[in-house]
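The values are calculated or read from the model by the stated rules, or taken from the named source; none is laboratory data. Computed from a predicted structure; not experimentally measured. All Cβ positions, glycine included, derive from the backbone under ideal geometry; neighbour counts span all protein chains shown.
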């Protein structure tokens with residue numbers, strides 16, 4: 001838990017230093033994590049609502065595995081895309097399944113915090129429950145920087161949606177450095193192309209998204225400007241280097257071996 005929170009702090013600090021958004025991000029090494037939520041945090045092109053009110057599109061298993069970004073200046077860096085089962089495989093091995101792990105986690109925290117602690121309002125417990133409920137619909141993205149050995153941006157989730165047969169990814173956004181409680185929402189990435197070993201993406205770069213009042217309005221805005229090139233920025237090209245997606249440690253070993 002401490003390590004996760006530290007990763008979040010590092011993520012936000014790096015992101016805030018890289019913006020404000022100016023039409024195109026300046027740091028191409030930073031852009032390489034476009035498929036992860038971190039490349040967009042600190043920018044203003046986000047919505048308070050996702051495209052769908054809840055995840056509804058089952059993930060494409062071709063997205064799973066290890067990917068490199070053509071635009072990344074460090075060619076050893078990469079992104080690993082995982083599932084909920086990958087994320088919790090150690091817990092499932094130890095406790096039998098995610099549900100048993102959740103029960104054990106609740107018992108452990110209750111002993112630490114006392115009987116007044118309410119798991120229904122604890123954000124960590126809520127996140128696990130959301131993972132369990134939406135496991136068929138969630139991707140987890142980790143970006144490895146420092147020449148492909150440091151999981152600097154770790155296991156941020158996103159879910160797919162479609163608008164007029166065009167695919168998008170919605171990343172959950174929250175800025176803990178902001179005093180504005182409303183500075184949170186969803187960051188949207190268009191999937192321009194997705195083949196077996198190639199993915200091309202672009203950011204939805206509309207600063208007025210945060211003024212929309214519902215998921216229906218978000219979907220309508222995307223549909224209206226679906227083919228407007230000015231509606232997007234930072235087109236990125238990814239190519240698959242390996243289909244492996246179970247653990248972060250083995251991914252590092254595989255990526256480093258291939259980059260030599």
In this structure, does residue 10 turn out to be modelled with pLDDT under 95, farther than 18 Å from residue 202 by Cβ, touching a strand residue (DSSP E or B) at 6+ places or on another chain (Cβ under 7 Å) and surrounded by fewer than 22 Cβ atoms within 10 Å (Cβ to Cβ)?
-> yes
Scan segment 185-199 for residues that are crowded, with 21+ Cβ neighbours inside 10 Å, at pLDDT 90 or above and over 11 Å from residue 63 (Cβ atoms) and jot them down.
-> 188, 189
Considering each of 249, 227 in turn, give the residue that is modelled with pLDDT under 95, surrounded by fewer than 20 Cβ atoms within 10 Å (Cβ to Cβ) and under 20 Å from the mean Cα position of the chain (by Cα).
-> 249
Given the conditions (1) surrounded by 15 or more Cβ atoms within 10 Å (Cβ to Cβ); (2) touching a residue at least 24 places away in the same chain (Cβ under 8 Å), report the number of the one that residue 221 does not fulfil.
-> (2)
